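Written out below as structure tokens is the structure these notes cover.
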Amino acid sequence: MATPAEKLADALDTLQALQQKGRIAINTKDISTTYRQRLLKNGFLKEVLKGWYIPSSPEERAGDSTSWYANYWDFCSAYLADRYRESYTVSPDQSLQLHSGNQTVPAQLVIKAPAATNFKTDLPYHTSLFHMRGELPANEFRELKNGVMTYNLPASLVFCSPSIFSQSPNDVRAALALISDASEVLRILLNGGHTTIAGRLSGAFRNIGRNRIADEILKAMKGADYDVRESDPFDTKTEVDLSFKERSPYANRIRLMWNSMRAAIIGVFPEAPGLPKNKISYLKAVEQVYVTDAYHSLSIERYRVTPELIDKVRSGQWNSEGNKEDRQQKDAMAARGYWQAFQVVEQSINKILDGANAGEIADEEHQDWYRELFGPSVTAGIIKAGDLAGYRTNQVYIGGSKHVPINVTALRDAMPLLFELLTTETEASVRAVLGHFIFVNIHPYMDGNGRMGRFLMNVMLSSGGYPWTVIPVERRVDYTSCLETASVEGNITPFAKFIAGLVQLGIEGKPAATLNNIQ
């Protein structure tokens, strides 16, 4: 007779087979009741709604939203395809945001479908789908994006609401920058006689410096005997020199974020002390604060069942609580790696205190920090040597966050741009806050992004003479909440105030024990 471990292993075999076929959303028809109940009981499946499940991890605590946010778009893709096949589309506004590179999990995803009956489907963690009855745009104006059916880019720009230009200006500008020629939107405008929209789009293109496209829209509409009055739908002008060459929105999104966020940071940050006159004293203070600078955050991959895990379960070796000795070894290697990385970071700071450009130093040496951070783990056989080769080669997700980091291909544009912005930025406070935020927003590594982001922040702080600043583990919730607000809502002010308060304490020489009292 099969043991409980062997029975669970059989259920995992079935789950793995489904995942190898690309199935993330698991329907009751996909798996037997017996297997489903075993997987649910042991934490390998999580119910989303009646009859639908997603893969989970036994180590995920009750109330942890990580597996849901990590699997959100794949779940919606499968669920909507099962319900409507291809006869639906995401709203124009949310389609535009996806085209702009904003893959943040929305509180409510609005679906338009002829078969819908204006109802809401509640999903985990206060998310939902709203099924709106309505006619679909022509097939030529629809395409799959993130696995869901959307308006294509030109149609999104034409049919989006006027309010999105003020509510999500960075998304709209990033999307506008992807249009290479006026003809991409003109056919929709002309065939539909959309005079008001044509005036709005011509003004929007002019706002980002696309005067030629704006003029062509006006001329073409006038040539078809339409009366069009140009209007700028944005609340502000943009001073960012956007790139109009690539068909990737990510670099422009970063430029726009940087430009729109820097004033808020300067407004709340204490004035930079300037490079210290006594470099030795500054570096000694950095060394003394090392022990307290141990906080690190978690980055995760999408959950997947592996053959190795199945074999462990089948043999009875699997333990949902983890192996204590392995965990202790990992902790020891992480501590050793942090120490080694800290020494290399300190060398980078030494060069900056001698007058080197902080952005250039970080660009040249951040990979050295990373190799030292994980070198001991390679030596101990915990991770593979190839993991130190550079940036990640797979998609990652952030524990409990609605923000979805950029894809692997986009890293090639995003990371060089980040260091370019750090190099040219004139304010050390902006370099520190946005250096940290955008680094973890990009999430360039499979692991260690939080630690690397805080190293980068402190290297940038040193360029203004600010003290090395510890983010206390006791304030982890505040810290991650501020980062989430910046990523999901585009509001950097809470994070800037959070970091500024900690920096001010350091300037005043307050002991670490007072860090928990900051409001």
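The values are calculated or read from the model by the stated rules, or taken from the named source; none is laboratory data. Being a predicted model, the structure only gives us computed values, none of them experimental. When we count neighbours, we look across all protein chains shown, and the Cβ atoms used for this are built from the backbone with ideal geometry, even at glycine.
Observations, loosely collected:
- Residue within segment 186-194 that is within 31 Å of the chain's Cα centre (by Cα) and without any contact (Cβ under 8 Å) to a residue 60 or more places away in the chain present: no
- For segment 25-35, the count of residues that are basic (K, R), surrounded by 14 or more Cβ atoms within 10 Å (Cβ to Cβ) and more than 21 Å from I111 (Cβ to Cβ) is zero.
- The single condition from (1) farther than 25 Å from V172 by Cβ; (2) out of contact with any Gly (no Cβ under 7 Å at 6 or more places or on another chain); (3) not aromatic (F, W, Y) that I217 fails is (1).
- Contact annotation: residue pairs with Cβ atoms under 7 Å, 6 or more positions apart or on different chains, pairing a residue in segment 361-376 that is buried (at least 19 other Cβ atoms within 10 Å of the Cβ) with a partner that is outside any helix (DSSP H, G or I) and not small (G, A, S), are Y370/Y445; F374/I383.
- Those residues of segment 61-92 which are surrounded by 18 or more Cβ atoms within 10 Å (Cβ to Cβ) and not in a helix (DSSP H, G or I), in sequence order: S65, Y88, T89, V90, S91
- Among the strands (runs of 3 or more DSSP E) confined to segment 124-206, the ones with at least 1 residues that are β-branched (V, I, T), surrounded by 19 or more Cβ atoms within 10 Å (Cβ to Cβ) and outside the structural domain of K402 (by TED's automatic domain parsing) are located at 127-133, 148-151.
- So L45, is it in contact with a strand residue (DSSP E or B) (Cβ under 8 Å, 6 or more places away or on another chain), of a type outside the set (K, R) and buried (at least 21 other Cβ atoms within 10 Å of the Cβ): yes
- Among residues of segment 423-480, those that are modelled with pLDDT under 95, among the polar types (S, T, N, Q) and over 26 Å from E508 (Cα atoms), counted: 1
- Among the candidates F159, F165, residue that is at pLDDT 95 or above and farther than 20 Å from A220 by Cα: F165
- Checked against the criterion of being hydroxyl-bearing (S, T, Y), in contact (Cβ under 8 Å) with a residue 40 or more places away in the chain and within 26 Å of F269 (Cβ to Cβ), the candidates T409, T423 yield just one match: T423.
- Residues of segment 94-123 satisfying the condition of being in a loop (DSSP other than H, G, I, E, B) and farther than 17 Å from Y84 by Cα: S100, G101, N102, Q103, T104, V105, P106, A107
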